[in-house]
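Asks: Take this structure first; my questions come after.
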Amino acid sequence: MEEATLQRDRLNAEISIVLEPDPCPLVKIFANKLKKASRDSGFAAMLKQTQGCFALKSNSDPQALTFKISGNEIALFSGIKPEAKIIIHTPLDDTGSQKTRVEKLWRHPLYAMRVGRLLEFSQANWVDSAKRFWALNKDYPGMPSSIKIECSDENREFILGAELELKAPEMTLIGTANELSKFLSGDTVFIQSTMSGKLSGTMSFEHAVVLSDLSLQMLLGERE
């Protein structure tokens, strides 16, 4: 594929990411994950140790994508390229087998280990994620004026929004630290988390729709 047809996004002074034209949602999701991971000071060093090509394949459906790493550039493509050194069969959602299997592991065990480390995307704590979420989205049309967040496994509360002493929050959101962080960081879609019982709370239908729309945009890297 000619370079002129690719979408190039420089993540920082050292790292850039390249996407094929009209990338599928899975490619957009992992491009966004890589953008966030690149904020870590150690990411560039891990990238240097993971040069080459590898692929991810969903356990539950035909979705797959290929990573090509050359220098400080990461190119993402839908499907599995024949030059992939390893193919990681892994759960990309909550359906299907939740086990991970690495194809061609016996040929490239060290490379597989380094790829695994590269894809261990760190999760920010839920309070920091909440602050960033609010700063980014508080003025979005239809957003609640305030949100009370309850972390069920830390027995802790945090409220987003102004004039909290004068009125009760417009909505309440409840979940574990991990599930709250995933939603507030843009790593999951709100409606999926609520329908699966991972998040709950009290809110209007309109607010649920707005949060679902926002979280999908964040997941695809279209709002940052």
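We did not get these values from a lab; they are worked out from the coordinates using the rules stated. Values in this document were obtained by computation on a predicted structure and should not be read as measured data. With ideal geometry, Cβ positions are generated from the backbone for all residues, glycine too; neighbour counts draw on all protein chains shown.
Asks: Please give me the summed charge of the neighbours of Cys53: other residues whose Cβ is under 11 Å from its Cβ, Lys and Arg +1, Asp and Glu -1. Mind dumping the intermediate values first?
Replies: Numbers: positive: Lys68, Lys81, Lys85; negative: Glu83.
Residues near Cys53 contribute +2 overall.
Asks: What number do you get for segment 81-142 when its Cα radius of gyration is normalised by 2.2 N^0.38 Å, N = residues? Show your work: numbers first, answer last.
Replies: Numbers: Rg = 18.0 Å, N = 62, 2.2 N^0.38 = 10.6 Å.
Relative to the rule-of-thumb radius for its length, segment 81-142 sits at 1.70.
Asks: Moving on. Can you give the FRET efficiency for Leu136 and Arg107, using 1/(1 + (r/R0)^6), R0 = 45 Å, r = Cβ-Cβ distance, to the nearest 0.05? Could you put the intermediate results ahead of the total?
Replies: Details: r = 43 Å, r/R0 = 0.96.
Here the calculated transfer efficiency is 0.55.
Asks: Please compare each pair in Lys131/Lys198; Lys35/Lys148; Lys48/Lys131; Lys68/Lys104 to a cut-off of 25 Å on the Cα-Cα distance and tell me which ones are over it. Provide the component values of the computation, followed by the final result.
Replies: Working: Lys131/Lys198 21 Å; Lys35/Lys148 29 Å; Lys48/Lys131 32 Å; Lys68/Lys104 17 Å.
As for pairs spanning more than 25 Å Cα to Cα, those are Lys35/Lys148; Lys48/Lys131.
Asks: At a temperature of 10 °C and a viscosity of 1.306 mPa s, determine how fast segment 118-224 diffuses translationally according to Stokes-Einstein, using the Kirkwood radius over alpha-carbon pairs as Rh; express D in µm²/s, rounded to the nearest whole number.
Replies: Details: Rh = 13.9 Å.
Roughly 115 µm²/s, to the nearest whole number.
Asks: Further question: Restricting to segment 59-206, what percent of DSSP beta bridges are antiparallel, rounded to 5?
Replies: Working: 19 of 24 bridges.
Here the antiparallel bridges make up roughly 80 percent for segment 59-206.
Asks: Additional query: Just to confirm a number: summing +1 for Lys and Arg and -1 for Asp and Glu over residues other than Gly142 whose beta-carbon lies under 12 angstrom from that of Gly142, what do you get?
Replies: Details: positive: Lys138; negative: Asp139, Glu170, Glu206, Asp213.
That sum, taken over residues with Cβ under 12 Å, equals -3.
Asks: Below 14 angstrom from the Cβ of Asp153, what's the summed charge of the other residues (Lys, Arg +1; Asp, Glu -1)?
Replies: Numbers: positive: Arg156, Lys182, Lys198; negative: Glu150, Glu154, Glu157, Glu179.
Here the count lands on -1.
Asks: I'd like to know which of Thr194, Thr66, Ser38 lies farthest towards the positive end of the charge dipole of the chain, counting +1 on Cβ of Lys and Arg and -1 on Cβ of Asp and Glu.
Replies: Most positive-ward Cα: Thr66.
Asks: Ratio of alpha-carbon Rg to the 2.2 N^0.38 Å globular estimate for the chain, to two decimals, please. Walk me through the intermediate numbers first.
Replies: On the way: Rg = 19.1 Å, N = 224, 2.2 N^0.38 = 17.2 Å.
With N residues counted in the chain, Rg over 2.2 N^0.38 Å equals 1.11.
Asks: May I ask what percent, to the nearest 5, of DSSP beta bridges between residues of segment 126-219 are antiparallel?
Replies: Working: 10 of 15 bridges.
Taking every DSSP beta bridge with both residues in segment 126-219, the antiparallel ones total about 65 percent.
Asks: Ratio of segment 15-59's C-alpha Rg to 2.2 N^0.38 Å, to two decimals?
Replies: Working: Rg = 11.7 Å, N = 45, 2.2 N^0.38 = 9.3 Å.
Against the compact-globule rule of thumb, the ratio is 1.25.
Asks: Binned at 5 Å from 0, what are the whole-percent values of the Cα-Cα distance distribution for segment 3-118, short to long?
Replies: 2, 12, 21, 25, 21, 13, 5, 1
Asks: Would you mind pulling out the separation of the Cα centroids of segment 60-96 and segment 111-181, in Å?
Replies: First find each Cα centre; the distance between them is then 29 Å.
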